[in-house]
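> I'd like to ask you about the structure that follows.
Every number in this text was worked out from the coordinates using simple rules, so none of it is lab data. What you see is a predicted model; the values in this text were computed from it and never measured. Positions of Cβ are backbone-derived with ideal geometry, glycine not excepted, and every protein chain shown enters the neighbour counts.
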Amino acid sequence: MATIRDVARIAGVSITTVSATINGTKPVSETLRRRVWEAVEAAGYHPDPIARHLRSGVSTTVGLIVPDIATPWAAHLARAMQAALTERGYNMLFASNQDDPEREFKEIELFNAHRVAGTVLASTSHGENYAARLATLLHGPTVLVDRVVPGLALDCVTDDNHLGAQLITRYLLRLGHRRIAFLAGRPGISPSDERLEGFVRTLQEAGVSMEADLVRRSVHRYEHAYDAVQELMSRPSPPTAIMCINIAQQLGTMAGLKSLGVSVPGDVSVASFDGFHPAEGYAPSTTSLSQDIGGISAQAAELLLQRIAGSVEPPRLVRVPPSLKVRESCAPPRSDR
């Protein structure tokens, strides 16, 4: 493995000059700088970023942790966050934990060991004493995305979940739906709780009675949604519309309806949060909320860099509004329903 001594020998300069050039600690001429970097390439030398950060006291690496990279939402967030950080001169480390808080805690410890400048965390948000345990591990600037964690004094950037629920619910009401099923996620997870609250509030504002037995809770996986819609559609008075809060639910819902021979939107309408872009889509394409992932990433990056720079502002909660994309999966309820 090449060393800094090899670079100095090839470039014909001192080790001190090589170090100053690589780390930017002292000015060097353009000719000398070019000679050193050509020697770095010729030697195949790879500077140790951790050691360099320890020497300089400055890191330009940010960590991003998400529950599950397999979800399109997380993949899009990672891409947008990397772009936002790159524009600001930062690199990004990435970790995914399959929504397991114990793995999440280990990932935070790993990022601490790498001396990251800060962390962007889409938290798992569940488990015993979660907030207290998380607080003991977060040693540097941290911004939460997507999920609010009560008890943590941290900046957070999320969707405007109440607005999103309002947009979908009002659209279904305008189509004439009154028996609307809602598939909620795991209790205590802020997006799920807020979306359900927004749904209930919008029905109340419209003077529509919510049918409590059309709400299904802890339906956060594909198989849960598959089972839930089969039960819902087997009722004597099934819903005329179903609201999903994530893509896993949406896929499970569509599969469950298909297994029953239920037509979308002929027999039942389906709308979703976090829905597919048409290019990624499902047939029929799903009416859904389009999250401003770029806006969320840019806001999170800006708040994090302010904290890295020493900002002492009180914790901020930024809600980024989504937009409703009307596609093919919703229609007025059948006249015989």
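> Label residue 112 and residue 205 with points 7 Å out from Cα along Cα→Cβ: what is the distance between them in nm?
That separation, rounded to one decimal, is 4.3 nm.
> Which value, in Å to one decimal place, does the Kirkwood hydrodynamic radius take for the range 43-171 when every pair of different Cα atoms is included?
The answer is 16.0 Å.
> Using Stokes-Einstein with the Kirkwood hydrodynamic radius over Cα pairs, what translational diffusion coefficient do you get for the chain at 10 °C and a viscosity of 1.306 mPa s, in µm²/s rounded to a whole number?
Estimated diffusion coefficient is 71 µm²/s.
> I'd like to know how the range 161-290 sits against the 2.2 N^0.38 Å rule of thumb: what's its Cα Rg over that expected value?
0.94
> Restricting to bridges with both residues inside the chain, how much of the DSSP beta-bridge set is antiparallel, in percent to the nearest 5?
10
> At 7 Å along Cα-to-Cβ for each site, give me the label-to-label distance between residue 128 and residue 98 in nm.
Roughly 2.2 nm, to one decimal.
> Still on this structure, please answer the following. Please turn the phi angles of the range 223-230 into ³J(HN,Hα) values with the Karplus equation 6.51 cos²θ - 1.76 cosθ + 1.60 (θ = phi - 60°), one per residue in order, whole Hz, x for glycine and proline.
Going residue by residue, I get 5, 5, 5, 4, 5, 4, 6, 5 Hz, with x marking Gly and Pro.
> Under 37 °C and 0.692 mPa s, how fast does the range 237-335 diffuse according to Stokes-Einstein, given a Kirkwood radius computed over C-alpha pairs? Answer in µm²/s, whole number. Show your work: numbers first, answer last.
Details: Rh = 15.6 Å.
The diffusion coefficient I find is 211 µm²/s.
> Then there is this: For the range 135-214, would you read off the P(r) tail past 16 Å as a percentage of all alpha carbon pairs?
Tail of P(r) above 16 Å: 57 percent of Cα pairs.
> Any idea how far apart residue 42 and residue 139 come out in nm if each label point goes 7 Å out from Cα toward Cβ?
4.0
> At a temperature of 37 °C and a viscosity of 0.692 mPa s, determine how fast the range 127-176 diffuses translationally according to Stokes-Einstein, using the Kirkwood radius over alpha-carbon pairs as Rh; express D in µm²/s, rounded to the nearest whole number. Present the calculation step by step, with values, prior to reporting the outcome.
Details: Rh = 13.4 Å.
Estimated diffusion coefficient is 246 µm²/s.
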